[in-house]
Amino acid sequence: MLVKTYCAAVNGLEVTTVTCEVSMSRGVQFHLTGLADTAVKESYDRIKAALINNGFKMPTQDITVNLAPADIKKEGSGYDLPLAIGILAANGMVNVERLSHYMLVGELGLDGLLQPVRGALPIAIRARKEKFKGLIVPQQNIREAAVVNQLDVYGMTTLMDVVRFLNGDTAYEPTVIDTRREFYEQQNHYELDFSDVRGQESVKRALEVAAAGGHNLIMIGPPGSGKSMLAKRLPGILPPLSLAESLETTQIHSVAGKLDRDTSLISQRPFRAPHHTISQVALVGGGNNPQPGEISLAHNGVLFLDEMPELSRSVLEVLRQPLEDRKITISRAKYSVEYPCSFMLVASMNPCPCGYYGDPTHHCVCTPGQIQRYMNKISGPLLDRIDIHCEIQAVPFAQLSQMQPGEPSSAIRERVIRARKIQEERFKDFKGIHCNAMMTERMLHQFAEPDAQSLEMLRMAMERLKLSARAYSRILKVARTIADLAGSENVQSMHIAEAIGYRNLDRGDWAERGV
């Protein structure tokens, strides 16, 4: 007897519907075809134990299983449930009439309990696209899968629950989640607030500009000056996620297996802060079984690299292309996957190896040569891609001891949102462009053309600081954002001047001057 069940293969964010064809004939062997990996091949032992421990008899026949299309690699343990149901249906223990209406995914424990799988959300989206009536997932995956509307999603606990449902012995209600209500309720709940930060007004201003235009930023200052404290509060002033952005971000975290059990949609912009010992693969993604890296997990959010010069030079250099293209294509001999990675890069570093160069309260023991070598750990091409460089000093005791809180994140966020709305209106006719940091060269001439006075100021800065053409573009983009925050239609000389002031690391005399 031939029976078909349906599941899905996840490759990157692309999902392919997989048909599990189960055929039984005389014999005693088990054959599995369809480019299955080790985890899928091991499913036979899990299925056999689960069936026996739930009162079923394993068929004593020749079982042939094909996972079609056979030329797509099948990975993971999510095929256990459709294979088990296919074997039971081919043996006459499950009603075959309802199998074509449902997609199934889930790992089986030896006792028949369903275990969670990765990628439940993109699988649910695929099931709706293929016009399946419903999707059956483990109970732990129900909240992320039930986000998809126009699809009946059932969360099951055991193999027996699935069998009873398909046979019509027990009625189960699909899980319904009010996605919009939950999404908007959780959007503004931030534990960290800028009101906790005393002083550092110039750095707060730089962070506000960065948030308003989606610009990359690096902070340079001695230990204890508040670099990490400020960076962790940046998501609280970014514009709220849209539903489309939230869905895309949630899919990435679902594929990576990073979603909490009680999470349906990610409602706040992600903040990722990997340790400086991170490898290239962990940062950009890949591996034997391709997984999104930290830059993709930070999609639509912030990637914070603390102590940036301590990261390996090779790790830092792989950021160049993703920062420009906002997507990463991982090509290996056996696969090629693409992940989105539109993130804000926020980095911090000390000004020298000992950390106290230019600090009025500590003596720096580094020579100019040591400082220059330390700074050279970050290449010029990578610095070119960071729009804003800002220096930060330790807060004096007089400011630190003030009991009056600083400006709250909510007030800064309102200004950022107003600036972003101006940009949304400006770029409404340009697909894929949402903020000033994404502008192309042609758009710079259209929307950020400086006047004669500003152009002369730029020329002097270019010659004095020996800036690259990319740095020139970055200055114009930042100036456009500063003008948006000021509500100015045109980029003026004051905006250009402030933007030039955010290119501190372009100065050739960094290691020879006092701060």
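The values are calculated or read from the model by the stated rules, or taken from the named source; none is laboratory data. Just so we're clear, the structure is a prediction, and the values are computed from it rather than from any experiment. Positions of Cβ are generated from backbone atoms using ideal geometry, with glycine treated the same way; all protein chains shown enter the neighbour counts. The protein model used for the area step is the full one, side chains on, heavy atoms only, and it has no ligands, DNA or RNA in it. Shrake-Rupley method; radii C 1.70, N 1.55, O 1.52, S 1.80 Å.
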Ranking Met494, Val318, His275 by how far each Cα lies towards the positive end of the charge dipole of the chain (+1 on Lys and Arg Cβ, -1 on Asp and Glu Cβ), the top one is Val318
With every protein chain kept in place and a 1.4 Å probe, the residues Arg26, Arg98 fall, from largest accessible area down, as Arg26, Arg98
Once all protein chains are kept in place, Arg128 shows an accessible area at probe 1.4 Å, nearest 10 Å², of 90
Once all protein chains are kept in place, Cys354 shows an accessible area at probe 1.4 Å, nearest 10 Å², of 40
With 0.36 nm assigned to each residue of separation and the Cα-Cα distance removed, Ala273 to Asp169 gains 32.5 nm
For the range 313-425, shape from the Cα gyration tensor axes a ≥ b ≥ c, cut at a/c of 1.5 then a/b versus b/c, turns out oblate
Placing each pseudo-label 7 Å from Cα in the direction of the beta carbon, Asn490 and Glu414 end up separated by a distance in nanometres of 3.0
Longest principal axis of the chain (C-alpha) makes with the long axis of helix 469-485 (C-alpha) an angle, in degrees to the nearest 10, of 90
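Using unit Cβ charges (K, R positive; D, E negative) and no other charged atoms, how large, in debye to the nearest 20, is the dipole of the range 38-176 about its Cα centre?
Values: 15 positive and 15 negative charges, 62 e Å.
Approximately 300 debye in magnitude.
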Result for the chain, cysteines with no Cys Cβ partner under 4.7 Å, is Cys7, Cys20, Cys341, Cys354, Cys364, Cys390, Cys435
Sorted by chain and number, the residues with a modelled amide H under 5 Å from that of Gln115, at a separation of 5 or more or across chains, are Glu107, Leu108, Gly109
Once all protein chains are kept in place, Ile330 shows an accessible area at probe 1.4 Å, nearest 10 Å², of 10
Between Thr33 and Ile52, the two model label points (7 Å from Cα along the beta-carbon direction) sit apart by a distance in nm of 2.8
In the range 1-89, the GluC sites (Glu not before Pro) that sit in a DSSP loop and have at most 14 other Cβ atoms within 10 Å of their own Cβ are Glu42
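Largest first, what is the accessible-area ranking of Lys129, Lys327 with a 1.4 Å probe? Before the final figure, lay out the partial values.
Working: Lys129 145, Lys327 90 Å².
I get Lys129, Lys327, largest accessible area first.
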Listed by chain and number, the residues whose amide H is under 5 Å from that of Phe271, excluding neighbours fewer than 5 places away on the same chain and using placed H, are Val302
Judged on accessible area alone, 1.4 Å probe, highest first, Ile266, Ile72 line up as Ile72, Ile266
If one compares the long axis through the Cα atoms of helix 243-255 with the longest principal axis of the Cα atoms of the chain, the angle in degrees, nearest 10, works out at 60
In terms of the charge dipole of the chain, which places +1 on Lys and Arg and -1 on Asp and Glu at the beta carbon, the residue among Thr250, Ile378, Ala9 farthest towards the positive end is Ala9
